[in-house]
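Worksheet for the structure shown next.
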Amino acid sequence: MKYVNKRISAILSLIFLVVMASCSAAQAEADRQETGKSPGIQADNDVLTNMYIRAIRDYMGGVYQKDSTLFDTLYLADRKTGGPDDFPDITLPWEIGKTKIVMIPATSASKAPEIQFGETTPLINLMGWIDETKAEFIFVTFFPGYHHRFDCHINYSFLPIEKDYQLEKLTIEVLMSGENGKAGQFSIYQKERHTGDRAIEERQ
């Protein structure tokens, strides 16, 4: 199965969350037309739920390892646009670790002034793709307000003997401002180490 372009978050970095979800769906449809396959999640509800919980734990652990941030609340955008990257119909726990998990409709995120999206309470557009050999998650992270701050890419590989997914790679890409405050490049981190930079327009 062909995965949605791993660098879709670079496109999403320049527009609001609702528009970003539409772009993501459009890219998925383009992939479907090109390959004849529908990218998306091929797993039952229990596997989906467990993998999303695991990815959220690993996301929080990766961010803490990078800069010691402890999250109070994660606001997850519940995308329901009819696209292949819609947030799945799963029920997440109220808390993971000591962090509250709050689902909010993606279309109303900008209409909730009472929510203060900040470093420890970010808004996240979470995308995931799971199949029988691998799993991938992208945490597009916003704060303060609706400013795109960084992306976290998490990759897992499936171990057939253990019948479980193993963490393969976790990468955090911090969006750095360029001239006139415009987005310039991503600074790439693995664990606490800065491993390089990537221009926004670059793709893999």
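The numbers here are math on the coordinates, done by the rules we state, and not lab data. Keep in mind the model is a prediction, meaning the values are calculated, not measured. Please note: Cβ atoms are built from the backbone with ideal geometry, for glycine as well, and neighbour counts cover all protein chains shown.
Taking label points 7 Å from Cα along the Cα-to-Cβ direction, residue 197 and residue 92 give a separation of 3.2 nm. Here the calculated FRET efficiency for residue 45 and residue 69, from their Cβ-Cβ distance with R0 = 35 Å, stands at 0.70, rounded to the nearest 0.05. Counting neighbouring Cβ atoms within 10 Å and putting the fewest first, the residues 172, 96 line up as 96, 172.
Put in line by how crowded their Cβ is, counting other Cβ atoms within 10 Å and starting with the fewest, 129, 94 read 94, 129.
With a Förster radius of 41 Å applied to the beta-carbon distance between residue 169 and residue 115, the computed FRET efficiency rounds to 0.85. Per-residue Cβ neighbour counts within 10 Å put 159, 170, 48 in the sequence 159, 48, 170, beginning with the fewest.
For the residue pairs 100/134; 80/100; 111/169, the alpha carbons lie more than 32 Å apart in 111/169.
Placing dummy labels 7 Å off each Cα toward the beta-carbon, the span from residue 159 to residue 132 is 2.0 nm.
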